[in-house]
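The values are calculated or read from the model by the stated rules, or taken from the named source; none is laboratory data. A quick note: this is a predicted structure, and the numbers were derived from the prediction, not measured. Virtual Cβ from ideal backbone geometry, glycine too; neighbours counted across all protein chains shown.
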Amino acid sequence: MPGITLMGAVDWDRKLFDSLIPLPEGTSYNAYLVRGSEKTALVDTVDPAKVDVLMAQLDTVQRLDYLVAQHAEQDHSGSIPAVLARYPGAVLVTNPKAKELLQEHLDIPDDRFKTVADGETLSLGNKTLRFIYLPWVHWPETMGTYIEEDHVLLSCDFLGSHRAQSGVFAERHIVMHGAKRYYAEIMMPFRGFIVKNLDKLTGLQIDMIGPSHGPVYKEPAFILDAYREWAGGPPHNKVVIPFISMHGSTLKMVDRLTAALADRGVTVERFDLTTADLGDIAMSLVDAATIVIGTPAVLTGPHPKTIEIAYLAGALRPKTKFVSIIGSFGWGQRIIDVLGGLIAPLKAELLTPVLAKGDPRAADMQAIDALADTIAAKHHEAGLL
Ligand SMILES: Cc1cc2nc3c(=O)[nH]c(=O)nc-3n(C[C@H](O)[C@H](O)[C@H](O)COP(=O)(O)O)c2cc1C
């Protein structure tokens, strides 16, 4: 797009995001240079680990009038101090909440800031930046920048993807995996805000979307539609079973439940927590109607690997309607108390758990079949099956 240049850094080698979720396709930190007839603005910077890449790109930019900070998180804001030091006359443009966070995180002096209101515009001459607050996608201060003359939306983390690639633009079938993984980990807890922010964008003509991670969308409709479905659509006729088994008893119950659900027309996605990728589990949770956690008793409670996943599910708050727990114990346990508390934020209905003492017997397997019956009936009642 004339006058708008993608800058920033592609991070092919980063292994984890938030020191938690694996990045099988890498990621990128996008900055955008917008040159108007009178002024030049840079929108966002890069993770400090890549500051040299951005600085080399800026060798072609003699004068920078504005540096726009859409988001105070360090993977976009961490190189702001270096850019401000290079351009002593540049004004840091952001919203009041982001200013507060930037000062707390990066100690930027007060006199470098200009704060903007929701909807306020900033003229660069023949290009006008309109700032659109997009709160809670995924911090309280996040905002986007709409370039009015070009109908381009720089959407911040909203609508982004974890994907490193050599080209600028997104290909739908290639980007969707990284976009859904990104949504699941970063955006899903804020589903209500996502729907509101999508509504806020509906009046705008948007011909192109430049997110802060991953490739640029030349045909933005598909990512907007995907977000609408992920955040606001109904869950699918699907049960996610994250499980672990030390000696095989819980595994037998998981196998039985998988088969019984398949017989009843319910899709199952299983994750053995000894090897499963947290990002894959998070993606699977996006549209799961039901979660069943499988665990043996370990040191009174559930296996620690299932504690992590129950906590994560509770924190990510997918649109899950039903939950249950299956597993095996030896002599005494508090599995339901512990896991039940962790998944409580889901506000899902707890279907009667099945815990076998030792190796599961016929009665335990019948209880598993009954759980499958209940799940199928619940999905049917909810109009999913
Ligand atoms: C390290 C360890 C700790 C255990 N702690 C408990 C416990 O606190 N309470 C209990 O009822 N069973 C406990 N057990 C027994 C297992 O829960 C039991 O053997 C169960 O059947 C194992 O299921 P699995 O075959 O799916 O691993 C423990 C087993 C192991 C190996």
Problem - Enumeration of residues in the stretch 287-345 that are touching a residue at least 40 places away in the same chain (Cβ under 8 Å) and assigned to a loop (DSSP other than H, G, I, E, B) - result: Asp287, His303, Arg317, Pro318, Lys319, Thr320, Lys321
Practice task
Sort through Asp272, Asp255 and tell me the only one that's over 19 Å from His177 (Cβ atoms) and without any contact (Cβ under 8 Å) to a residue 24 or more places away in the chain.
Solution key: Asp255
Handout entry: Looking only at the stretch 238-257, and only at residues there that are of a type outside the set (Val, Ile, Thr) and touching a helix residue (DSSP H, G or I) at 6+ places or on another chain (Cβ under 6 Å), the one that is nearest to the ligand (Cβ to nearest atom)
Key = Ser245
Practice task
For Ala367, indicate whether it is small (Gly, Ala, Ser), under 21 Å from Val240 (Cβ atoms) and away from the ligand (no atom under 16 Å from the Cβ).
Solution key: no
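Quick check: anything in the stretch 284-292 more than 20 Å from Ala382 (Cβ to Cβ) and either among the aliphatic types (A, V, I, L, M) or away from the ligand (no atom under 16 Å from the Cβ) (or both)?
Looking for residues that are more than 20 Å from Ala382 (Cβ to Cβ) and either among the aliphatic types (A, V, I, L, M) or away from the ligand (no atom under 16 Å from the Cβ) (or both), one finds none in the stretch 284-292, hence no.
Each row is one residue, and each column tells you yes or no for (1) at positive phi; (2) in contact with a helix residue (DSSP H, G or I) (Cβ under 6 Å, 6 or more places away or on another chain); (3) part of a loop (DSSP other than H, G, I, E, B); (4) in contact (Cβ under 8 Å) with a residue 60 or more places away in the chain.
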residue: His105; (1), (2), (3), (4): no, no, no, no
residue: Ile108; (1), (2), (3), (4): no, yes, yes, no
residue: Gly144; (1), (2), (3), (4): no, no, no, yes
residue: Leu153; (1), (2), (3), (4): no, no, no, yes
Practice task
Could you tell me whether any residue of the stretch 275-282 is surrounded by fewer than 22 Cβ atoms within 10 Å (Cβ to Cβ) and touching an Asp or Glu at 6+ places or on another chain (Cβ under 6 Å)?
Solution key: no
Handout entry: Candidates Gln205, Gln165 - the one that is of a type outside the set (A, V, I, L, M), over 20 Å from the mean Cα position of the chain (by Cα) and more than 16 Å from the ligand (Cβ to nearest atom)
Key = Gln205
Exercise for the section: Would you tally the residues in the stretch 202-222 being within 16 Å of His138 (Cβ to Cβ) and not in a loop (DSSP other than H, G, I, E, B)? Expected result: 1
Practice task
List the number of the failed condition for His162; all other conditions in (1) in contact with a helix residue (DSSP H, G or I) (Cβ under 6 Å, 6 or more places away or on another chain); (2) under 15 Å from Ser28 (Cα atoms); (3) of a type outside the set (Lys, Arg); (4) assigned to a helix (DSSP H, G or I) hold.
Solution key: (4)
Practice task
Test Leu54 against the criterion of being over 30 Å from Ala313 (Cβ atoms), at pLDDT 95 or above and not in a helix (DSSP H, G or I), and give yes or no.
Solution key: no
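For residues in the stretch 300-313 being closer than 27 Å to Lys180 by Cβ and surrounded by 20 or more Cβ atoms within 10 Å (Cβ to Cβ), which is farthest from the ligand (Cβ to nearest atom)?
Ala313
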Practice task
Might you check whether a residue that is of a type outside the set (Phe, Trp, Tyr) and either in a helix (DSSP H, G or I) or surrounded by fewer than 17 Cβ atoms within 10 Å (Cβ to Cβ) (or both) occurs anywhere in the stretch 67-75?
Solution key: yes
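Here is a yes/no grid of residues against (1) assigned by TED's automatic domain parsing to the domain that holds Thr320; (2) under 23 Å from the mean Cα position of the chain (by Cα); (3) modelled with pLDDT of 95 or more:
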residue	(1), (2), (3)
Gly210	no, yes, yes
Pro220	no, yes, yes
Ile223	no, yes, yes
Ile241	yes, yes, yes
His247	yes, no, yes
Val254	yes, no, yes
Thr258	yes, no, yes
Exercise for the section: Could you tell me whether Pro353 is within 22 Å of Leu312 (Cα to Cα), within 16 Å of the ligand (Cβ to nearest atom) and surrounded by 15 or more Cβ atoms within 10 Å (Cβ to Cβ)? Expected result: yes
